[in-house]
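Written out below as structure tokens is the structure these notes cover.
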Amino acid sequence: MPRTPVARAHRLTVRAQAKAGEVEIKPGVYEGYWMWKGWKIRYQRSGSSGPAVLLVHGFGGNADHWRKNTPELGQRHRAYAIDLLGYGYSDKPDPKSAPQNTIYSFDNWGQQLVDFIAEEVRAPTAIICNSVGGLAGLQASILAPSQVTGVQCLDISLRGLHVRRQPAWQRPLVAAFQRFLRETDAGKAFFANVATERTVGNILRQAYGRKEAVTEELVGAILRPGLQPGAVDVFLDFISYSGGPLPEDLMAATSRPVSLLWGEADPWEDLAKGRELFAELPSVVEFVPLPGIGHCPQDEAPEVVNPLIERFVAACAPRGAGAGAEAAVAVAAARAAA
């Protein structure tokens, strides 16, 4: 079907919003790289007006895990999705070049998000996170509360391997096994068995409540960056990260509103445990169960999640946004209820 003059004009307007060095990867969605501490960080963005939103993936994920959200959110927001250092197509510095668990840690990732907001977004931003990305988002809200309007966590990681989650008798055994994987060829062999189309597909089907959402496109989007040089070292370093904060520590420390969305069919992060740990914390403004949805709601059910993101972002919009923010709240609430 030929494009109408209006459609062509709209297309030209969207293209004109691309910044130097960015590439349009789909209509209205741009991809670029930002330099941080000498490392290249990949990001995607869509939209040029409205409240700012930063989308943060979980363990083993990347910005493409938000491919069903970034374009939709970009219609009414300035939406960004980012690859955390070590993941996706961001650089993967050798973890052994610094003290253990300092490069790939929630402190460092939180600082990455804060600096990205300051240098690229340049406006107070709502951070929307999946799984372990939630701890990075919460850390950012503690480091720079004036830059973060709120944090929404989708199936936040409970950090089951954290030393404080383990019985005392189990701690030395877990630590020894982590060292074994990290410091011998066994870890690389384990990763090689995981980093295949079949295994990645099986893991995703286990995690997803909606199995039909696990497609070849999704498997490729998760697997390809994991085959890059350095990915195995990032993987082994992070699975040895049993220290640092627990999510309840960060939720208790943040001064920003926290929204929790939780797939009831998540086999990895127990909803009942999450409700017990977090629902009554002062920072938590809502705890929303998602029936039939698993660990990655943003990809499994974008038609459910996108309106919930919009509702939270609008509610957290900085004062002074005026009638536009109020209208956005009303529209998002209607979409969430539909």
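Annotation note: Cβ proximity below 9 Å between a residue of segment 226-239 that is within 12 Å of SER90 (Cα to Cα) and a residue that is of a type in the set (A, V, I, L, M, F, W, C) and assigned to a loop (DSSP other than H, G, I, E, B) (sequence gap 6+ or interchain) occurs for GLY226/ALA195; ALA231/ALA195; VAL234/LEU85; VAL234/ILE103.
Among the residues of segment 172-189, those that are surrounded by fewer than 17 Cβ atoms within 10 Å (Cβ to Cβ) and without any contact (Cβ under 8 Å) to a residue 60 or more places away in the chain comprise PRO172, LEU173, ALA176, PHE177, PHE180, GLU183, THR184, ASP185, ALA186, LYS188, ALA189. Restrict the check to segment 304-318 and report whether at least one residue is of a type in the set (Gly, Ala, Ser), buried (at least 17 other Cβ atoms within 10 Å of the Cβ), under 27 Å from SER146 (Cβ atoms) and at pLDDT below 95. Checking segment 304-318: at least one residue is of a type in the set (Gly, Ala, Ser), buried (at least 17 other Cβ atoms within 10 Å of the Cβ), under 27 Å from SER146 (Cβ atoms) and at pLDDT below 95.
Rundown of residues vs (1) more than 19 Å from the chain's Cα centre (by Cα); (2) over 19 Å from ALA315 (Cα atoms), yes/no style:
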position	(1), (2)
MET251	no, no
THR254	no, no
TRP268	no, yes
ALA272	yes, yes
GLU276	yes, yes
GLU280	yes, yes
VAL285	yes, no
VAL288	no, no
GLY292	yes, yes
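Criterion applied to VAL194, VAL151 was being under 30 Å from VAL313 (Cβ atoms), surrounded by 13 or more Cβ atoms within 10 Å (Cβ to Cβ), modelled with pLDDT of 90 or more and among the β-branched types (Val, Ile, Thr), and the one residue passing it is VAL151. Please tell me if PRO99 is assigned to a loop (DSSP other than H, G, I, E, B), touching a Leu at 6+ places or on another chain (Cβ under 9 Å) and surrounded by fewer than 22 Cβ atoms within 10 Å (Cβ to Cβ). No. Cβ-Cβ distances below 7 Å connect the following pairs, each with a first residue in segment 124-153 that is within 14 Å of VAL53 (Cβ to Cβ), a second residue that is modelled with pLDDT under 95, and a separation of six or more residues or different chains: PRO124/PRO318; THR149/ALA317; THR149/PRO318. Scanning segment 241-277 for residues that are surrounded by fewer than 23 Cβ atoms within 10 Å (Cβ to Cβ) and aromatic (Phe, Trp, Tyr) returns TYR241, TRP268. The one condition from (1) crowded, with 18+ Cβ neighbours inside 10 Å; (2) more than 25 Å from GLN139 (Cα to Cα); (3) modelled with pLDDT under 95 that VAL200 does not meet is (3). Could you check segment 111-131 and list, in sequence order, the residues that are of a type outside the set (S, T, N, Q), crowded, with 24+ Cβ neighbours inside 10 Å and farther than 12 Å from TYR43 by Cβ? Correct list: ALA126, ILE127, ILE128, CYS129. In segment 38-78, which residue that is touching a Ser or Thr at 6+ places or on another chain (Cβ under 8 Å) and among the aliphatic types (A, V, I, L, M) is surrounded by the most Cβ atoms within 10 Å (Cβ to Cβ)? Of everything passing the filter in segment 38-78, VAL53 is surrounded by the most Cβ atoms within 10 Å (Cβ to Cβ). Within segment 216-240, the residues that satisfy the criterion of being of a type outside the set (Val, Ile, Thr) and crowded, with 17+ Cβ neighbours inside 10 Å are LEU218, ALA221, LEU223, PRO225, GLY226, ALA231, ASP233, PHE235, LEU236, ASP237, PHE238, SER240. Remark: GLU280 falls outside the filter, which requires a residue to be buried (at least 17 other Cβ atoms within 10 Å of the Cβ), of a type in the set (D, E, K, R) and either modelled with pLDDT under 95 or not in a helix (DSSP H, G or I) (or both).
Per-residue answers, yes or no, for (1) more than 19 Å from the chain's Cα centre (by Cα); (2) within 22 Å of ILE239 (Cβ to Cβ):
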{"residue": "SER97", "(1), (2)": "yes, yes"}
{"residue": "ASN101", "(1), (2)": "yes, yes"}
{"residue": "SER105", "(1), (2)": "no, yes"}
{"residue": "ASN108", "(1), (2)": "no, yes"}
{"residue": "ALA126", "(1), (2)": "no, no"}
{"residue": "ASN130", "(1), (2)": "no, yes"}
{"residue": "GLY134", "(1), (2)": "no, yes"}
{"residue": "GLY137", "(1), (2)": "no, yes"}
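Among the candidates ASP94, ASP107, the residue that is surrounded by fewer than 18 Cβ atoms within 10 Å (Cβ to Cβ) and under 29 Å from GLY220 (Cβ atoms) is uniquely ASP94.
The values are calculated or read from the model by the stated rules, or taken from the named source; none is laboratory data. Values in this document were obtained by computation on a predicted structure and should not be read as measured data. FYI the Cβ positions are ideal-geometry reconstructions off the backbone, even for glycines, and counts take in every protein chain you see.
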